[in-house]
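Data block below; observations after.
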Amino acid sequence: MTQNLESARQDWAQEPERPSRRRNVENVRWPWYRSPWVIGTAVLVVFNLLHALPRYLSFDPALSRTAIDPNFALHYPVLVLHVVTGNLAMVTVFLQILPWLRKRSVRLHRWSGLVYVYGGALPSSLLALILLPYSLAPTGKFGLFSMAIAWIATTIAGYRAQAGHRYRDHRKWMAYSFAISLGTSWGRILSTAMQTIPWFKIETMLFIEMSNWLWVGNVLLAHWWLQRRSRVNRTREALQPDS
């Protein structure tokens with residue numbers, strides 16, 4: 001009987017190990033269309049398109065959400081250009097963050113990036129600086145000025161990094177630029193919420209000032225995401241076997 005037990009132990013020891021059904025956490029990937037970043041950006045882009053474009057593409061100054069200065073004859077046309085280029089920037093942001101597009105069509109990714117820089121971010125931010133002196137809003141100008149300068153600076157830094165083939169820096173600066181481009185969305189969301197939710201109210205002066213600084217929260221979120229991604233990448237590299 002002892003011999004039979006010993007033989008059974010040997011057979012058990014020689015039995016091949018069954019493959020584990022558990023997947024390595026580091027190898028798990030969400031499909032791009034289920035990514036919270038892609039879904040969230042898509043929602044913001046569609047919301048902004050519906051919120052702004054139909055109103056301003058009517059070319060009726062009476063429908064403007066911004067008070068028009070009668071002493072500046074080009075105020076409304078410049079405002080329309082600012083809105084159109086700003087929304088173009090947000091649409092191309094969505095194209096830029098699509099992992100599928102970056103992997104399948106580098107050329108389309110590059111061209112949509114050029115449209116973002118030259119047709120969206122830079123003209124929209126420069127037009128914002130032109131409009132600021134004529135703004136009739138009682139507060140919030142410094143927040144918008146800071147946002148426009150930060151948008152210009154991060155976009156140029158990202159473009160220069162790409163031109164110099166410093167792709168890690170390019171991704172970093174463009175992440176900040178994309179975050180700033182979506183910064184005004186939160187003010188519009190809060191404004192819509194105050195119009196539709198009876199109990200949700202914010203004092204007017206506080207709302208105007210706060211909504212023009214909410215882009216800073218987007219930048220902080222982008223910074224957190226970049227730091228987290230950097231840590232994950234270092235962990236993956238450490239787990240890889242030495243070649």
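The values are calculated or read from the model by the stated rules, or taken from the named source; none is laboratory data. Keep in mind it's a predicted model, so treat the numbers as computed, not measured. Glycine also receives a Cβ, built like all others from the backbone with ideal geometry; neighbour counts cover every protein chain displayed. Note: areas computed on protein heavy atoms with side chains; ligands, DNA, RNA excluded. Shrake-Rupley method; radii C 1.70, N 1.55, O 1.52, S 1.80 Å.
Could you identify the single residue in 175, 153, 179, 222 that is part of a helix (DSSP H, G or I) and surrounded by fewer than 16 Cβ atoms within 10 Å (Cβ to Cβ)? Before you say what the answer is, go through the steps one by one.
Working: 175 fails: surrounded by fewer than 16 Cβ atoms within 10 Å (Cβ to Cβ); 179 fails: surrounded by fewer than 16 Cβ atoms within 10 Å (Cβ to Cβ); 222 fails: surrounded by fewer than 16 Cβ atoms within 10 Å (Cβ to Cβ).
Exactly one of 175, 153, 179, 222 is part of a helix (DSSP H, G or I) and surrounded by fewer than 16 Cβ atoms within 10 Å (Cβ to Cβ), namely 153.
Looking at (1) more than 30 Å from residue 230 (Cβ to Cβ); (2) surrounded by fewer than 18 Cβ atoms within 10 Å (Cβ to Cβ), find the lone condition where residue 99 falls short.
(1)
Just one of 226, 190, 214 is more than 16 Å from the chain's Cα centre (by Cα) and hydrophobic (A, V, I, L, M, F, W, C); which is it?
It is 190.
Condition check: open to solvent by 80 Å² or more (accessible area, probe 1.4 Å) and at pLDDT 90 or above. Does residue 57 satisfy that?
Numbers: open to solvent by 80 Å² or more (accessible area, probe 1.4 Å): yes; at pLDDT 90 or above: yes.
It is true that residue 57 is open to solvent by 80 Å² or more (accessible area, probe 1.4 Å) and at pLDDT 90 or above.
Of all residues in region 77-106, count the ones that are of a type in the set (Gly, Ala, Ser) and touching a residue at least 60 places away in the same chain (Cβ under 8 Å).
Quick first cut of region 77-106, residues of a type in the set (Gly, Ala, Ser) only: 86, 89, 105.
Filter once more, keeping what is touching a residue at least 60 places away in the same chain (Cβ under 8 Å): 86, 89.
Residues flagged as of a type in the set (Gly, Ala, Ser) and touching a residue at least 60 places away in the same chain (Cβ under 8 Å) within region 77-106 amount to 2.
If you check residue 191 against the conditions, is it over 25 Å from residue 115 (Cα atoms), crowded, with 20+ Cβ neighbours inside 10 Å and in contact with a Lys or Arg (Cβ under 9 Å, 6 or more places away or on another chain)?
no
Please count how many residues of region 194-209 are closer than 18 Å to residue 65 by Cβ, open to solvent by less than 70 Å² (accessible area, probe 1.4 Å) and either free of Cβ contacts under 8 Å to residues at least 12 places away in the same chain or not aromatic (Phe, Trp, Tyr) (or both). Show your work before the answer.
Step one: of region 194-209, the residues closer than 18 Å to residue 65 by Cβ are 194-196, 202, 204-205, 207-209.
Next, only the ones that are open to solvent by less than 70 Å² (accessible area, probe 1.4 Å) stay: 194, 202, 207-209.
Restricting the remaining residues to those that are either free of Cβ contacts under 8 Å to residues at least 12 places away in the same chain or not aromatic (Phe, Trp, Tyr) (or both) gives 194, 202, 208-209.
The qualifying residues number 4.
Quick one: would you say residue 85 is open to solvent by less than 90 Å² (accessible area, probe 1.4 Å), closer than 30 Å to residue 155 by Cα and either in contact with a Gly (Cβ under 8 Å, 6 or more places away or on another chain) or modelled with pLDDT of 85 or more (or both)?
So residue 85 fits the description; yes.
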